[in-house]
1. On a 0 to 90 degree scale, rounded to 10, what angle separates helix 60-71 from the longest Cα axis of the chain?
2. Please report, in Å, the Rg and the Dmax of the stretch 203-247, where both are computed over Cα atoms only.
3. Give me the percent relative contact order of the chain, please, defined on Cα pairs under 8 angstrom at least 6 residues apart.
4. Tilt of helix 233-252 relative to the longest C-alpha principal axis of the chain, in degrees (0 to 90, nearest 10)?
5. Go through PHE128, GLY141, GLY168 and say which Cα lies farthest out towards the positive end of the charge dipole of the stretch 85-191; charges sit on Cβ, +1 for Lys and Arg, -1 for Asp and Glu.
6. Give me VAL103, VAL84, VAL167 sorted ascending by neighbouring Cβ count inside 10 Å, so fewest comes first.
7. Have a look at the DSSP beta bridges in the stretch 8-252 and tell me what percent are antiparallel, nearest 5.
8. Modelling each spin label as a point 7 Å along the Cα-to-Cβ direction, I'd like the LEU211/THR69 distance in nm, to one decimal.
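Since every read-out is calculated from the coordinates, none of them should be taken as a lab result. Quantities reported herein were computed from a predicted structural model and do not represent experimental measurements. FYI the Cβ positions are ideal-geometry reconstructions off the backbone, even for glycines, and counts take in every protein chain you see.
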Amino acid sequence: MVRALLAPSEGQPFEIERADGQSPVILVCEHASRAIPRALSTLGVKPETLTSHAAWDIGALATARRLSTLLDAPLIHQRFSRLVYDCNRPPEAMDAIPEMSEVHAIPGNRNLSDEARRERVAAIYEPFRDALAELIVSRTGPGKLPVIVTIHSFTRVYFGIARHRAVGILHDRDRRLADAMLQHAEEEGVANAMRNYPYGPDDGVTHTLRLHAIQHGLLNVMIEYCSDLIADEAGQQEWAERTARLLETALERFHIDIHAAGPRQN
């Protein structure tokens, strides 16, 4: 029997904001938080790890919230750290519960029993997965299909190697929306953008897109911002505004009004 990882007072592992938003876009932020459930204490990691990019995507949630406001779009985000469970990974992925994150050791994730892994899946991943699926269904109907946009950030230096791009536009086998965004990126103020950067499908980062969008034929894209660009409120607002303009321009190709439920994609 799988035990409950979260105490009732800790609430759900996900949160949905602006659930009644009128935009066809659904924003998803899987790495929004650095919180650890009380039952797991600190996972044995150093204090600096829990404030680092290893624990969460710095600036991603704040930027997603500003984008949600600009678009009037619903936003679903995870309330616990990806060190507990990475909701952009399926349960069978080894890095869904990482023992190492770049140079950061996660002692509390080592040598987990099958039961302990199932506990994490049941407490964190499955509720998030199911809530996103239900949100998509609730916004799908005759003449309308949602657009799935996931929001992430990446660190400027990774394993000692500097990354010089500002934004990555990521896709899996469905590249329609990514292609449209890359075509218009510079004119909408999103210069220095690159396809499938700093990661791509082969790195396992498109799980959410595959599970919730691609198999249902929904337009989708994953956006990665360099975290130092969205580390403060000014940067978060600036990049949310740029992204809103870019999405609006790109979705015009599909005859979708980003600010209201649009017609069926083709």
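1. Between helix and principal axis, roughly 30 degrees.
2. That works out to 13.4, 37 Å for Rg and Dmax.
3. 25 percent
4. Long axis of 233-252 versus the principal axis of the chain: about 50 degrees.
5. Result: GLY168.
6. Ordered from fewest to most neighbouring Cβ atoms within 10 Å, VAL103, VAL84, VAL167 come out as VAL103, VAL167, VAL84.
7. Of the beta bridges lying entirely in the stretch 8-252, close to 45 percent run antiparallel.
8. In this crude spin-label approximation the distance works out to 3.0 nm.
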